[in-house]
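Here the structure is laid out as structure tokens; the discussion comes afterwards.
The values are calculated or read from the model by the stated rules, or taken from the named source; none is laboratory data. Since this is a predicted model, take the numbers as computed values, not measurements. All Cβ positions, even for glycine, are placed from backbone atoms using ideal geometry, and neighbour counts span all protein chains on display. SASA here: full protein model, heavy atoms, side chains in, ligands and nucleic acids out. Shrake-Rupley method; radii C 1.70, N 1.55, O 1.52, S 1.80 Å.
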Amino acid sequence: MIKAKQKPIAEIQQLIAPYNNVLVLGCGTCVTISFAGGEKEVAMLASSLRIASAMAGKQHTFTEATVQRQCEWEFIDAIANQIKRADAVLSLACGVGVQALAERYPDKVILPGVNTTFLGMAVEHGVLVERCRACGDCVLGLTAGICPIARCAKNLLNGPCGGSQSGKCEVNPETDCAWQLIYDRLGRLGQLDRLDAIMPPKDWSKDYDGGPRKIVREDLKL
Amino acid sequence: MTDKRDPPATSAEPLPPCVVACPAHTDVRGYVRAIARGDFEEAYRIAREPNPLPYICGKVCAHPCETKCRRNDVDEPVAICALKRVATELHDPRKGHAPGLSVGEPKEEKVAIIGAGPGGLTAAHDLARMGYKVTVFDSYPQLGGTLQYGIPLYRLPRETVETEIAPLRELGIEFVTNKRITDVDALLKDGFRAAFLAVGSQLGRKLRIPNADLPDVWVNMEFLRKVALGEKLDLAGRHVLVLGGGNVAIDVARTALRLGAKQVDMTCLESCTTQPAHAWEIAEALDEGVQMFHDRTFKEIVAENGKVKGVRCVTVSFRGFLPTGAPDMDEFPETEHVLPCDLVIFATGQGPDLSFLPQDGSVAQTRRRTIEVNPVTLATTKPGVFAGGDAVTGVGFIIDAIAAGHRAARSIDAFLRGLDPASVQPSEPEELGDLKEKTISHIRRLAREEMPKADVEERKASFAEVDLGYTRVQAMRAAQRCLTCGAGAKVDTDKCIACLTCVRICPYEVPILVRGTAEVVVDQCQACGLCATECPAKAISMTFDNDDDMTKDIRAAVRKAKGNGEPAIVGFACLYCAYGGNDPNVIKAKLPKNVRTVDVLCSGKVDELYLLKAFELGADGVFVAGCLEGVCHNEKGNVHAAQRVAYVKKLLDEIGLGGARLEMFNLSPQSCADMNATVATLTAKVKELGPSPVRRS
């Protein structure tokens, strides 16, 4: 799922400074699960901003709402009235939600309250890690189910590099070397011979380098 | 739009076993919880609502609720009966006997109640509140039936009975004492539109064995009644043998001791493990020196020259009573022996005196010599005449009679309004399931608070009350053992996104996923509140202490803490430990006026939002007082509270208010006698920081 982290309050305060009436808008799916932008985070952020505003002797208003997914027109249409009443919307959704709002409400100031960080999972409660880069050309079938694009600092297709130290990455010694993991798991699966083949260069045009990506299913279009 | 579950089709929630087991379905959980929070008046109000005799039940109820209490599966049941008692003892009588209960518009119809025992009094109470003109007849001079003439004084002082009866008089009920009704038909002709027969089981029975008619062979009910009526019975030097092993037999034995008997023995068919008397009654009798002889049947009363010398017994293996009433047992050969005594008291059962019923059989009787009724409506075979309590069921508990009184009152009201009495009776509530082993393994073991009792030697010598009752602190501690069964966390399936936080965080391993959403299994939830506070979707709410309740409390605390010239400090205090085992009211009274606490049952219930809310409302400092690490009532509630405090401190630093204004204190339930000193350190720190710059318009 998409993982995000709330922006530092100081940055948020700067973003919203010009606006008196701010709607803090949460998103009920990915960012809720990553403890960044669900109903509870919305309430805590709004409360913190109210305290800060009162400390500054200002009369800012912070209203709160959370929709199921900010990345769907139907859900953001449903709160049109609240959005219209606000001077600005502080969206705690990922960048997709922020942009959906901006597109649907062209005359409204829409501000991001979180940094959308990666696609990943909670390996334990409170610990979120990156697992996928959405590169558009999945190689997991060749790499024993461990992604060298998302989990190797150099995105190496034929690793490891010389910086692999006792199974850890030279960029961050707390990070496992993805290629060590791939090697170990291929060994378990009896597929070490796969490493004999050199992986050809990847088609990066399917990644960000090819510009904004689009999937069209003609069969589904209404 | 989603594959989520639909919410449950019925809104009726299963009730905890204590509530279901109580024949009157008293909201036991409600009043025990009120006591756990120190709100004794609220506890009284809840306990009183379905029970016009709470003072009496607080002392002598057989408390089937405790028998079914789910803490039995963990350690020992919650001391529910003693808690009801303390609620009545601390109730301010100026607030009235029945706070919040109303009286209906006066009605013309007259209703006769035969018998002023617990069933009759309850029916009279209910009907009087409905507005009917009620007259209660009783053949004895004092009101109360078995409460007056059955239960010994050392268990139920008669002032307690009067405490309950006085408010019934105020309801306008007419009491006619020393009046034995012998003609029910005449009553109905005399203007009474309905009658309730609640005559109890006042007749003791002797077994038909040789010499049972000697003057020194007595019967339980008559004996207890004579003592209650004040007849001087001197048993000095006597060796009494009570035949029977039930609760009444115990009453008889302990009464005999108090009348000066040199020695009191009991003997019964049952073994020491199957003896029908309650275990606690047996224990008290043994403490007072009563000897028990189990597994015996009685063949004859041995006498010489008309003087009782003993009872000839045979050892048996007793399995129970057959449907015919005969004992199912094997006698062991060559075990005949004589238990010596010079006075025998039969306590082998009792039944109603039904000689007053119409001779024409229009009020039918059962083969067991009780009144025949429709069990739902309590209607007898004579229209307009209803019956309940022991006269219908055989010997039961006081609370059974109270429940029958309610049932009869509903039926009579329906009958008088031309409705079908069956249509007004509530259906039986659904009961919560059992605790699972896994849940039990996580529940903190807590010893039951012992009931203070009068000294054994002193109590043998008088009819003074044996149980002395809990203090406030003891009561709160005893109530805090309650598992709050069935009133825990609830998931709003529309908001749940199956993030699994609740599943991961619950110290009792209760939440599960069912078709795409979390479910906090109601049978198992221990109401610790951790899932509700940690849920990022705010999809979980607590039955008690929900966000709205807490916000109200926080608002009040901040308001009171402010304006005292000192920094306004608001604390969230765990009731299990923050007051160091003292009365919270006493500790709170010692705190300076600028320090106000919001009580919580476990610091794990303190949401980050509550901390922020206090600051938002203008508090200068905030603290959370939880238990020491490792001794949390809910395993790790205090650890989570500390994590939240640390997180909010960081937030406060970021917005410039200062995290130093917020503190977590971990206090021991035993050693923290002085919350004041702990809080003073925070107050001093906050003073240095100056008043909160949060200005509320």
Answer with one residue from A:Ser48, A:Leu92, A:Ala102: the one whose Cα lies farthest towards the positive end of the charge dipole of region A:2-118, charges on Cβ with Lys, Arg +1 and Asp, Glu -1. A:Ser48
Please identify the chymotrypsin sites (Phe, Trp or Tyr not before Pro) of region B:604-689 that satisfy two criteria: DSSP loop assignment and at most 10 other Cβ atoms within 10 Å. Which are they? none
Determine the shape class of region A:133-207: with a ≥ b ≥ c the square roots of the Cα gyration tensor eigenvalues, call it rounded for a/c under 1.5, and otherwise prolate if a/b is greater than b/c, oblate otherwise. oblate
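Per residue of B:498-505, count partner chain C-beta atoms within 10 Å of its C-beta, then hand back the mean as an integer.
Counting Cβ atoms of other protein chains within 10 Å of each residue's Cβ and averaging gives 3.
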Send over a whole-number figure in Å² for the accessible area per residue of the protein assembly as shown, probe 1.4 Å. 45
Charge context of B:Leu419, other residues only, Cβ under 15 angstrom, K/R +1, D/E -1: +2
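Quick one: work out Rg over Rh on the C-alpha atoms of region B:439-565, Rh as Kirkwood radius.
Details: Rg = 21.3 Å, Rh = 18.0 Å.
My calculation puts Rg/Rh at 1.18.
Using only the Cα atoms of region B:170-312, construct the convex hull and provide its projected area averaged over every direction, in square nanometres to one decimal. Before the final figure, lay out the partial values.
On the way: hull surface 49.5 nm².
Taking a quarter of the hull surface, the average projection is 12.4 nm².
Using Cα pairs closer than 8 Å and at least 6 residues apart in sequence, work out the relative contact order for region B:286-415, in percent.
14
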What quantity of accessible surface, computed with a 1.4 Å probe and excluding non-protein components, is buried in total between chains A and B, in Å² to the nearest 100? 2400
Residues in region A:21-40 occluded by at least 20 Å² - accessible area, probe radius 1.4 Å, against chain by itself: A:Gly28, A:Thr32, A:Ile33, A:Phe35, A:Glu39, A:Lys40
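Hey, if we sort B:Leu609, B:Leu203 by accessible area with the 1.4 Å probe, largest down, what's the order?
Details: B:Leu609 30, B:Leu203 80 Å².
The ranking, largest first, comes out as B:Leu203, B:Leu609.
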What does the convex hull of the Cα atoms come to per residue for chain B, in Å³? 197
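Run the accessible area of chain B with a 1.4 Å probe and give the carbon-and-sulfur part as a rounded percent. Each step should come with its number before you reach the end.
Values: 14810 of 29120 Å².
Ligands and nucleic acids excluded, carbon and sulfur reach 51 percent.
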Determine the shielding of peptide B:606-614 by partner chains: average, over its residues, the number of Cβ atoms on other chains within 10 angstrom of each Cβ. 3
Charges at C-beta only: +1 for Lys and Arg, -1 for Asp and Glu. How large is the resulting dipole of region A:133-207 about its Cα centre, in Debye rounded to 20? 100
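What percent does the relative contact order of chain A come to when contacts are Cα pairs within less than 8 Å and at least six residues apart?
Values: 345 pairs, mean separation 38.1, N = 222.
About 17 percent, as a whole number.
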Per residue of A:45-58, other chain Cβ atoms within 10 Å number on average 6
Can you send over the solvent-accessible area of A:Phe62, 1.4 Å probe, protein chains only, in Å² to the nearest 10? 10
